[in-house]
Amino acid sequence: MYLRDVTPDDVDAYVRMRCDPVMMKDLGGPLPRDGMRDKVRRDAAEAAAGTSWIKMIVPDPGTPEVVAGNVCIWAHDEGGEPVSEIGWMVLPEFQGRGLGRLATRTLLEQARDEDRWGDIHAFPATANGPSNGICRSLGFRLLGEIDVDFADRVIHSNHWVITPASDLAP
Ligand SMILES: CC(C)(COP(=O)(O)OP(=O)(O)OC[C@H]1O[C@@H](n2cnc3c(N)ncnc32)[C@H](O)[C@@H]1OP(=O)(O)O)[C@@H](O)C(=O)NCCC(=O)NCCS
């Protein structure tokens, strides 16, 4: 497995991740296809500029055109405070093989090694078993429950945080 920056050519993977009712079950339901080309273009520009880390998961280096999902770290403003957040998605045919956990761990190791992003927060829906499993097993600390906005929806979530330099499980 390796991670690479998203490019404008990743529209198909975005549509499969973000416009699918099963993939988006815990994220408030599928998003419209209409905005996806623009969303990928904006994400690719941010990744190329280094303002956000938006990575596609390539499961097999022998077939670099096959993408299994993505993992991202970005910063946003929360009541005047900068907050770093991580999120991840793995397509159905690649789920349940440890890829989500490995990809998330790989990006957190990069954050630790480059000493970037500070504490990193994650907000999986309370009902999202695998995502909460990723947080628990990588060494995130559970701060409590919180309602978060995602793409204009409100998701009842767990609030996890990790300090990669000290918390990342071996
Ligand atoms: C969440 C998601 C990324 C998980 O990806 P994955 O590659 O299937 O996950 P993994 O195989 O790495 O498993 C992650 C952990 O969850 C555990 N797990 C798997 N299914 C589980 C379930 N139903 N309930 C509880 N834990 C579960 C695994 O055992 C593993 O824990 P471990 O590391 O302690 O063994 C994937 O299901 C997904 O993309 N779902 C749809 C989109 C989404 O919800 N994204 C996350 C938004 S926060």
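The values are calculated or read from the model by the stated rules, or taken from the named source; none is laboratory data. Every value quoted in this text rests on a predicted model; they were computed, and no experiment measured them. As a convention, Cβ positions derive from the backbone with ideal geometry for all residues, glycine included, and neighbour counts pool all protein chains shown. Surface areas here come from the heavy atoms of the whole protein model, side chains and all, with no ligands, DNA or RNA. Shrake-Rupley method; radii C 1.70, N 1.55, O 1.52, S 1.80 Å.
Here the contact order of the chain, divided by its residue count and restricted to Cα pairs under 8 Å and six or more residues apart, works out to 18 percent. These residues, LYS55, LYS39, go from largest to smallest accessible area, 1.4 Å probe, as LYS39, LYS55.
Using R₀ = 25 Å, calculate the FRET efficiency as 1/(1 + (r/R₀)^6) where r is the Cβ-Cβ separation of ASP115 and SER137; round to 0.05. My answer for the efficiency is 0.60. Expressed as a whole percent, the proportion of Cα-Cα pairs in the range 2-167 lying more than 29 Å apart is 12%. In this Cβ point-charge picture (+1 for Lys and Arg, -1 for Asp and Glu), the chain has a dipole of about 460 debye about its Cα centre.
Share of carbon and sulfur in the accessible area of the range 2-167 stands at 50%, probe radius 1.4 Å. Taking a span of 15 Å or more along the helix axis (Cα atoms) and a mean Kyte-Doolittle hydropathy of at least -1.0 as the rule, the DSSP H helices of the chain that qualify are 36-49, 99-114. Each residue of the range 51-59 is assigned a 3J(HN,Hα), and the resulting list reads 6, 10, 9, 10, 10, 8, 8, 9, x Hz, derived from the Karplus form 6.51 cos²θ - 1.76 cosθ + 1.60 (θ = phi - 60°), x at Gly and Pro. Take the chain with all the other protein chains still there, run a 1.4 Å probe, and you get 52 Å² of accessible area per residue.
Its DSSP H runs of at least 4 residues, each contributing -39,500 (n - 2.57), put the calculated 222 nm mean residue ellipticity of the chain at -9000 deg cm²/dmol, to the nearest 500. At 25 °C and a viscosity of 0.890 mPa s, what translational diffusion coefficient does Stokes-Einstein give for the range 104-170, taking Rh as the Kirkwood radius over Cα pairs? Give it in µm²/s as a whole number. Here the translational diffusion coefficient equals 199 µm²/s. Using 0.36 nm per residue and subtracting the Cα-Cα separation, the extra length available between GLU81 and VAL22 on full extension is 17.9 nm.
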